[in-house]
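Just below is one structure, and these are the notes that go with it.
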Amino acid sequence: MSVVAAVVVPAAPALLPGIGGAADPLADLRERARQLVLETAVTKGVTRVVVIGAGESTRTWPTDAPSGAARFTTGRVPDGALPTDVEIGRMFAPSGGGELVLHSIASDATPQECAQLGRELADGPSTLLVCVADGPATLTDKAPGHLQLDAAPFALELADALAAGDTPALAALDPATCERLWMRGRPALQVLAAAAPGLRGELVSEEAPFGVQYLLARWV
Amino acid sequence: MRLGRHTFADDAMLVMAIVNRTPDSFYDKGATFAEDKAMERVDLVVEQGADIVDIGGVKAAPGGEVDVAEEVDRVVGLVARVHEAHPQLVISVDTWRAEVGEAVCAAGADVLNDAWGGADPALVDVAARHDAAIICTHTGGVEPRTRPFRTGFDRDIMAEVLDGVLGYAERALAAGVARESIVIDPAHDFGKNTHHTLEVTRRLDEMVDTGWPVLVSLSNKDFVGETLDKPVDQRLIGTLATTAVSAWLGARIYRVHEVAETRQVLDMVATLRGERPPARTIRGLA
């Protein structure tokens, strides 16, 4: 057995409960991501869910690790708190039944290191990989990273790669370019590329309401 | 507290009026880019009760590159004119660059307002050489003119801010800046999201308790906009509410767009605190 399905979900901290304020501007996106993960897990009948997201280091995390959401409010974060991307992935993981694995990949991991981890994660029972990653954050004048003119074509190519299940394209993402375009999800996508070859890609939705490309994709 | 040539009482609350020689700042959108327009604004804010003008030549947000020569060109002439026309006014310049600091101090600036938290480590040496005051801000070490993106703090935000500003203040002292000429500033929204800024604001007394005078730059910022869901032209009330709370907690300098309104709020809070007598009390007393 191996990775039989994968879902790509966004990594915005505002997806975490309470962080987006009373208006909760990403509530709809959060719900769609949760539904997509759940549907995919049920449809494929997986026995294991693996969350992969960028963090300071490459390691596994206890499934009951404390929330690190306070890093976006008071800074009073408990010891052993999850990296944000992994916490977002955990939020989307279906509750009850099956094994849950939480894994971070170092933000500065090389494509080779990502590929290595991807192959390791693929070795296991029937698995759904939840990959927490966004496209560039430089899509508009008001975007967090301001406007970079090549961000839009880059985002288009990324969306195409997810739509096509194009693992070589993801594996080929250049770390320096991703950094320049404020795209922090690159390592997680490159883990996905190595962990889930041969799946059929589908881009479920794509949007950039705040100048950051949020993608929902399903590979089965 | 001494700001260049000017000395103030320990409980004085000072209004620092923003004067932008920029074509693209978020609030005035270039209204005072022309030097004559900037000078008109200086005259106006003096009339409205400003103690300090803060002259800036580069907008904080990302945008068109402004090199040292261009920044000097925008601010030095205005500093000299203000120095000549308003000798009683404190002149601050909003810059992170030592070369710009050198030029404006030579032209009469009293304060270097380093909104970018020591990005250029030589700025403190310039302040020391000219006996100017320096504003030590916390930005968490971000590059000048960048927006926060998913910035998180895995430690208490106020401990982080205090480390940043106190470390900066110590560097300024070591460089030779006069102790009474060092001011600290949490830098609302710089390197911080709205939650971070709100937490720092509600705990501003912890900064005041360090003994360094505290400057707050609140005016019409995004944390006000996001708290009240108001666009940039409807944030005055939220700004003034935050000003009142900051004054109650002991902040000393208020960097603002709206001088007259801020002055009223500060006078009201100073009176509530028992530091200023009411202007006229005759009701029930005649």
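The values are calculated or read from the model by the stated rules, or taken from the named source; none is laboratory data. Computed from a prediction, not measured in an experiment: that's the story for all the values here. Counting neighbours? That spans all protein chains shown, and the Cβs are built from the backbone with ideal geometry, glycine included.
For this structure, a couple of remarks:
- Filtering A:Val77, A:Val101 for residues that are in a loop (DSSP other than H, G, I, E, B), surrounded by 16 or more Cβ atoms within 10 Å (Cβ to Cβ) and either of a type in the set (Val, Ile, Thr) or in contact with a Gly (Cβ under 8 Å, 6 or more places away or on another chain) (or both) leaves a single hit, A:Val77.
- The single condition among (1) surrounded by fewer than 12 Cβ atoms within 10 Å (Cβ to Cβ); (2) within 14 Å of another protein chain (Cβ to nearest Cβ); (3) more than 15 Å from A:Val132 (Cα to Cα); (4) not hydrophobic (A, V, I, L, M, F, W, C) that A:Asp24 does not satisfy is (1).
- Residues within the stretch A:171-197 that are touching a residue at least 24 places away in the same chain (Cβ under 8 Å), assigned to a helix (DSSP H, G or I) and aliphatic (A, V, I, L, M), tallied: 8
- Candidates A:Ala193, A:Ala171, A:Ala133: the one that is among the small types (Gly, Ala, Ser), in contact with an Asp or Glu (Cβ under 8 Å, 6 or more places away or on another chain) and either modelled with pLDDT of 95 or more or at positive phi (or both) is A:Ala133.
- Single match in B:Glu71, B:Glu40 (criterion: within 25 Å of A:Gln148 (Cβ to Cβ), modelled with pLDDT of 95 or more and in contact with a Ser or Thr (Cβ under 8 Å, 6 or more places away or on another chain)): B:Glu71
- Test: residue in the stretch B:54-62 that is assigned to a strand (DSSP E or B), out of contact with any Phe, Trp or Tyr (no Cβ under 9 Å at 6 or more places or on another chain), under 25 Å from B:Val183 (Cα atoms) and not hydrophobic (A, V, I, L, M, F, W, C): yes
- Residue selected from the stretch B:203-250 under the condition under 18 Å from the mean Cα position of the chain (by Cα) and among the acidic types (Asp, Glu), by the criterion farthest from B:Lys192 (Cα to Cα): B:Asp205
- Among the conditions (1) within 14 Å of another protein chain (Cβ to nearest Cβ); (2) more than 18 Å from the chain's Cα centre (by Cα), the only one that A:Ile88 does not satisfy is (2).
- Selection of first residues in the stretch A:122-136 that are in contact (Cβ under 8 Å) with a residue 12 or more places away in the chain and surrounded by 24 or more Cβ atoms within 10 Å (Cβ to Cβ) and of second residues that are part of a loop (DSSP other than H, G, I, E, B) and among the hydroxyl-bearing types (Ser, Thr, Tyr), restricted to Cβ pairs under 7 Å at least 6 apart or on distinct chains, gives the following pairs, ordered by first then second residue: A:Thr127/A:Ser2.
- Within the stretch A:172-203, tally of residues that are surrounded by fewer than 24 Cβ atoms within 10 Å (Cβ to Cβ) and among the β-branched types (Val, Ile, Thr): 1
- Long-range neighbours under 7 Å by Cβ, at least six apart or interchain, first residue surrounded by fewer than 24 Cβ atoms within 10 Å (Cβ to Cβ) within the stretch B:122-138, second of a type in the set (Val, Ile, Thr): B:Ala128/B:Val177
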